[in-house]
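> Structure provided below as structure tokens; questions to follow.
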Amino acid sequence: MTEILPVSRESVEYAAELIKKGEVVAFPTETVYGLGADAGNPDAIKKIFAAKGRPQDNPLIAHIWDESMLPGVISGELPTWASVLAQKYWPGPLTMILPKGGRVCLECTAGLDSVGVRLPGNEWARRLIRASGVPIAAPSANTSGRPSPTTAKHVYDDMKGRIPLILDGGEANVGVESTVIDARTFPVRILRPGGITREMIFDALGSVEVDAGVVRPLAQNEVARSPGMKYRHYAPRGRLTVVEGEALAAAGKIIELYDAFDGEKRIFAMEDHLSMYGEREKVSLGKDRREAAHRLFALLRDMDDLGVEAIFSEAVDETDIGLAVMNRMGRAAAFNIIKV
Ligand code: TXA
Ligand code: MG
């Protein structure tokens, strides 16, 4: 039985009791919903991997409620650049990879000597960690390979019968997962783009690198710096094709592909481009890149519910959060991206 409770003082206390007992609880964050357990408890961590069907070599992020929780989660002090970022962007959608401390078990980091640490912006998430008294390991609360959940219902669809409790905090605000950076060396390197953008990190530090795997598939001989980058992700059941290029040309190509496809199909387009597609079945990605980030995963799940077999989507501009949108779209499309 999986219970869903709205977030409140009481439900968060109850969730914290479950976490202390080594159970797994789903909870809202500002990015997507997480599947949380005590980061120092190997048996609890194993339950997360089992519930998601997650590959054993993909490490989990440790969530803290406040910087006072850092000692033991990481080893040593925050490097100066990491401390600048923490000051500026925590609480918020930024995960920093740092040397692992003794409070986090090796099951959590999949055997690595580094750990991803995040101080979430969602008030209820922080209260839960605080009440649990332990760092909470939490991947996104989806079945491995599916789009990340941005509502409690999405979590329920994937996790019913697998976990005891889902805390419902409404729609996740950002809609894509946190930015993951390797913060062990300077300049820091973005391994997964998210709500704290490349521009924001550049603004704080004066330099930033973006890993090659962020917007294109890794070649056979390249090593994934973040194990998660190896796997196919966010995949809808239908085939997603992304068309990149100047708006009119892209629309032309999308129309050509759409008209040639025989089956249940949809077009994803920015709000102000919708009229270019006439009577064809289409869905709005929103008015801007931020809205596209907020909606993307929910739209992909909707397409599965509707039995859509082919999706033809406009690409979005890779500035600010657009980089995160294109990273997720590229993976959802298994990099089936057409440039016009
Ligand atoms: O917004 C988020 O980050 C959400 C919410 C729940 O906080 N969590 C999340 O976790 O997206 P997950 O497990 O779905 O993605 C974590 C990513 C994976 O790609 C993983 O490989 C990478 O972070 N990662 C975690 N620890 C790492 C480490 N020590 N070294 C390199 N990559 C790491
Ligand atoms: Mg995930």
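> What pairs come up if the first residue lies in region 59-73 and is closer than 13 Å to Val180 by Cβ, the second is more than 16 Å from ligand 2 (Cβ to nearest atom) and open to solvent by 30 Å² or more (accessible area, probe 1.4 Å), and their beta carbons are under 8 Å apart, counting only those six or more places apart or on different chains?
Pro59/Leu112
> Taking region 53-75, which residues are surrounded by 24 or more Cβ atoms within 10 Å (Cβ to Cβ) and over 16 Å from Cys105 (Cβ atoms)?
None; the set is empty.
> If I filter region 297-322 down to residues being under 19 Å from Ala250 (Cβ atoms) and out of contact with any Lys or Arg (no Cβ under 6 Å at 6 or more places or on another chain), which single residue comes out as surrounded by the fewest Cβ atoms within 10 Å (Cβ to Cβ)?
Thr319
> Within region 107-116, identify whether any single residue is among the polar types (S, T, N, Q), touching a Ser or Thr at 6+ places or on another chain (Cβ under 9 Å) and away from ligand 2 (no atom under 16 Å from the Cβ), and answer yes or no. Before you say what the answer is, go through the steps one by one.
At the first step, the residues of region 107-116 found to be among the polar types (S, T, N, Q) are 109, 114.
Adding the requirement that they be touching a Ser or Thr at 6+ places or on another chain (Cβ under 9 Å) leaves none.
There is no residue in region 107-116 that is among the polar types (S, T, N, Q), touching a Ser or Thr at 6+ places or on another chain (Cβ under 9 Å) and away from ligand 2 (no atom under 16 Å from the Cβ).
> Mind listing whichever residues of region 74-97 are in contact (Cβ under 8 Å) with a residue 40 or more places away in the chain and of a type in the set (Val, Ile, Thr)?
Hits for region 74-97 are Ile74, Val84, Thr95, Ile97.
> What number of residues within region 124-154 are in contact with a Gly (Cβ under 9 Å, 6 or more places away or on another chain) and either outside any loop (DSSP other than H, G, I, E, B) or among the small types (Gly, Ala, Ser) (or both)?
Of the residues in that region, 14 qualify.
> If you go through region 163-176 one residue at a time, how many are open to solvent by 10 Å² or more (accessible area, probe 1.4 Å) and not small (Gly, Ala, Ser)?
Count: 5.
> Right, here's the next one. Keeping to region 143-162, report how many residues are open to solvent by less than 10 Å² (accessible area, probe 1.4 Å) and either within 16 Å of ligand 2 (Cβ to nearest atom) or free of Cβ contacts under 8 Å to residues at least 24 places away in the same chain (or both). Step through it out loud before you land on a result.
Within region 143-162, the subset open to solvent by less than 10 Å² (accessible area, probe 1.4 Å) is 147-150, 152, 155, 159.
So of that shortlist, the ones also either within 16 Å of ligand 2 (Cβ to nearest atom) or free of Cβ contacts under 8 Å to residues at least 24 places away in the same chain (or both) come out as 147-150, 155, 159.
The number of residues fulfilling the criteria is 6.
> Can you tell me which of (1) free of Cβ contacts under 8 Å to residues at least 60 places away in the same chain; (2) touching a helix residue (DSSP H, G or I) at 6+ places or on another chain (Cβ under 8 Å); (3) assigned to a strand (DSSP E or B) is the one Val117 doesn't meet?
Looking at each condition in turn, Val117 falls short on (2).
> Here's a follow-up. Would you confirm whether any residue within region 198-209 is in the same structural domain as Leu119 (by TED's automatic domain parsing), of a type in the set (Ser, Thr, Tyr) and open to solvent by less than 10 Å² (accessible area, probe 1.4 Å)?
no
> Residues to consider are Ala224, Ala212, Ala219, Ala235; find the one that is open to solvent by less than 50 Å² (accessible area, probe 1.4 Å), within 15 Å of ligand 2 (Cβ to nearest atom) and without any contact (Cβ under 8 Å) to a residue 60 or more places away in the chain.
Residue meeting the stated conditions: Ala224.
The values are calculated or read from the model by the stated rules, or taken from the named source; none is laboratory data. For clarity, every value in this text was computed on a predicted model and none was experimentally measured. All Cβ positions, glycine included, derive from the backbone under ideal geometry; neighbour counts span all protein chains shown. Protein only, heavy atoms only, side chains kept; ligands, DNA and RNA dropped before computing areas. Shrake-Rupley method; radii C 1.70, N 1.55, O 1.52, S 1.80 Å.
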